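Heads up, the thing below is written out as structure tokens.
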Amino acid sequence: MVDGWTDKRHRSLINFLVYCPSGTCFVKSVDAYVCIKTAETLFKLFSSVIDWVGAANVVHVVTDNAANYVAAGKLITLNYKNIYWNPCVAHILSILS
């Protein structure tokens, strides 16, 4: 799971968590304030975490639904045939309400 957060000064953090039968575990947090969050940059960041966890251990990736995250998610499914991606349902529901 990927969770982005931006403070009032527009500084951005991206948190990575893993959900498994034992529960949810924090993997790492990245200071994304200094990088441009293009689809390619996000894909490289996500890939580094997927590779660290082990692609064979990852089934599904959930991210924000902003256009750059959607594009990065599509790159994940193209490059990792065993991994599915979808945007966070909570983000979609907040848009619809």
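The values are calculated or read from the model by the stated rules, or taken from the named source; none is laboratory data. Just so it is clear, the structure is predicted and the values come from calculations on it, not from any experiment. Cβ sites come from the backbone with ideal geometry, for glycine too, and all protein chains shown count toward neighbours. Accessible surface is based on the protein model in full, side chains and every heavy atom, while ligands, DNA and RNA are left aside. Shrake-Rupley method; radii C 1.70, N 1.55, O 1.52, S 1.80 Å.
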Failed condition for Leu93, given (1) at pLDDT 90 or above; (2) surrounded by fewer than 16 Cβ atoms within 10 Å (Cβ to Cβ); (3) over 13 Å from the mean Cα position of the chain (by Cα), with all others met? (1)
Any chance you could count how many residues in the stretch 28-52 are under 12 Å from the mean Cα position of the chain (by Cα), of a type outside the set (S, T, N, Q) and open to solvent by 40 Å² or more (accessible area, probe 1.4 Å)? 3
Taking Ala55 as meeting all but one of (1) aliphatic (A, V, I, L, M); (2) more than 20 Å from Cys88 (Cα to Cα); (3) open to solvent by 40 Å² or more (accessible area, probe 1.4 Å); (4) modelled with pLDDT of 90 or more, write down the number of the exception. (3)
